[in-house]
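Engineer: For reference, the structure I am asking about is given below.
Read-outs: derived from the displayed coordinates by stated rules, not from any lab. Just so you know, these numbers come straight off a predicted model, no measurement behind them. Cβ sites come from the backbone with ideal geometry, for glycine too, and all protein chains shown count toward neighbours.
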Amino acid sequence: MAVSGKSDCRLYLVTPPAFELDAFALRLAEALDGGDVACVQLRLKDAPDGAVRDAARALIPICHARDVAFIVNDRPDLAAQLDADGVHVGQEDTSYGEARALLGEDRIVGVTCHDSKHLALEAAEAGADYVAFGAFFPTETKEAKSAADPEILRWWSELMTVPCVAIGGITVGNCAPLVQAGADFLAVVSAVWDHPEGPGAAVAAFNDEIAAALAAL
């Protein structure tokens, strides 16, 4: 997962909150074969540690075979044990400092910053590899703690070199303003996994829309 530069925007896939592992492994492979994806975040909030470990061990090889980074949500301890590429932590999860101590300097640590410029600046100053802003649109995937405006992406991209991730209800139909405002990554969940033509078609459609949005700048 390249986390530098402001000239492109890439997909950041987040897994559904629950899934049947064998079936999902096939769907993940289909998604990643559909087009460019920077990383996959394993987000199993309510699953026992053993289920998270089993999922990571099955899905990491699928990602790495396609040069896609694999990130674990919330749990830097499991990310370190599983040799994942990094971790994503929220404001109510393990602190950035603890996550970095567990994972070292060579792996990715990203931080949720909601709609807060202050939290994002703090995270970047501490050394976060990316900051995540959202939710930009209504979402049924999780209860959003904040509503973000695309202007925060523009402000961030003009001020900072640390990449930013946009998250929250993002679809092929509404992502263009976020791309044009400066999002480095679009975090998507249901718009890929619930796409009527399948996850591969969804990834292809997102990549086409991202390219069109950038070309229109």
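Engineer: Within the range 87-117, track down each residue that is assigned to a helix (DSSP H, G or I), under 21 Å from C164 (Cβ atoms) and aliphatic (A, V, I, L, M).
Structural biologist: Initial filter on the range 87-117 (assigned to a helix (DSSP H, G or I)): 96-103, 117.
From the residues that got through so far, the ones that are under 21 Å from C164 (Cβ atoms) too are 96-97, 99-100, 103, 117.
Within the range 87-117, A99, L103 meet the criteria.
Condition check ((1) surrounded by fewer than 17 Cβ atoms within 10 Å (Cβ to Cβ); (2) of a type outside the set (S, T, Y); (3) in contact with a strand residue (DSSP E or B) (Cβ under 8 Å, 6 or more places away or on another chain)) across all residues:
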{"position": "G34", "(1), (2), (3)": "no, yes, no"}
{"position": "A47", "(1), (2), (3)": "yes, yes, no"}
{"position": "Y96", "(1), (2), (3)": "no, no, yes"}
{"position": "A101", "(1), (2), (3)": "yes, yes, no"}
{"position": "D106", "(1), (2), (3)": "yes, yes, no"}
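Engineer: If I filter the range 11-24 for residues that are among the aromatic types (F, W, Y), under 21 Å from G104 (Cβ atoms), in contact with a helix residue (DSSP H, G or I) (Cβ under 9 Å, 6 or more places away or on another chain) and not in a helix (DSSP H, G or I), do I get at least one hit?
Structural biologist: Quick first cut of the range 11-24, residues among the aromatic types (F, W, Y) only: 12, 19, 24.
Filter again for under 21 Å from G104 (Cβ atoms), leaving none.
There is no residue in the range 11-24 that is among the aromatic types (F, W, Y), under 21 Å from G104 (Cβ atoms), in contact with a helix residue (DSSP H, G or I) (Cβ under 9 Å, 6 or more places away or on another chain) and not in a helix (DSSP H, G or I).
Engineer: Hey, can you tell me all the residues within the range 40-62 that are within 12 Å of N73 (Cα to Cα) and not in a helix (DSSP H, G or I)?
Structural biologist: V40, Q41, L42, R43, L44, K45, D46, A47 - these are the residues of the range 40-62 that are within 12 Å of N73 (Cα to Cα) and not in a helix (DSSP H, G or I).
Engineer: While we're looking at this one, here's another question. Under the condition of being among the hydroxyl-bearing types (S, T, Y) and out of contact with any Asp or Glu (no Cβ under 8 Å at 6 or more places or on another chain), which residue from the range 145-179 is nearest to A123 (Cα to Cα)?
Structural biologist: Our first condition is that a residue be among the hydroxyl-bearing types (S, T, Y); within the range 145-179, this holds for 146, 157, 161, 171.
Those still in the list that are out of contact with any Asp or Glu (no Cβ under 8 Å at 6 or more places or on another chain) too: 161, 171.
Working: T161: 13, T171: 27 Å.
Out of the qualifying residues, it is T161.
Engineer: In addition: Among the listed residues A79, A128, A123, A84, identify the single one that is assigned to a loop (DSSP other than H, G, I, E, B), touching a Gly at 6+ places or on another chain (Cβ under 9 Å) and either among the polar types (S, T, N, Q) or crowded, with 20+ Cβ neighbours inside 10 Å (or both).
Structural biologist: A128
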